[in-house]
Amino acid sequence: MRFRSPHLFTSLLILLFSLTPSSVLAHAHLKQQTPAAESVLTTSPKEVSLKYSESIEVKFSKIELLDSNNQMMPVDNLFLDTTDSTRLIAPLKTPLPAGQYTVNWHVVSVDGHRTKGKYQFMVKPD
């Protein structure tokens, strides 16, 4: 049996990709969020903090905070934790009143891949 060039090339590509570490092909996945998804808080948080599986490019990333009427809540400039480049922080400009909130986010990791997602939490008075 003879291998033709295209078959050999395809076989080599499959072998190469199967040996490539998955971390090379990975995107920045959300690992932890504060406030936590589906949490019920008795006081307004001071910030939204999102921790990812890899380092983030803050200048190409965004966090939006929406109330139950889809109105944007003001957040200050995003920044990375000084000791952890996988943790993106959005300080809140004002305390949140009671209600349901949605965090929409998109980030670009240092490897150039973009990921996005959203989650909700609630602020409920005591």
How large is Rg over Rh for segment 27-123, taking Rg from the Cα atoms and Rh as the Kirkwood inverse mean of 1/r across Cα pairs?
0.95
Using 1/(1 + (r/R0)^6) with R0 = 35 angstrom and r between the beta carbons of Gln71 and Asp111, what's the FRET efficiency to the nearest 0.05?
0.55
By how many nm would the segment from Thr82 to Val40 lengthen if fully extended, with 0.36 nm per residue of separation less the alpha-carbon distance?
12.3 nm
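Quick note: the coordinates plus some simple rules give every number you see, no bench work behind them. Everything quoted here is computed from the prediction, not taken from an experiment. Please note: Cβ atoms are built from the backbone with ideal geometry, for glycine as well, and neighbour counts cover all protein chains shown.
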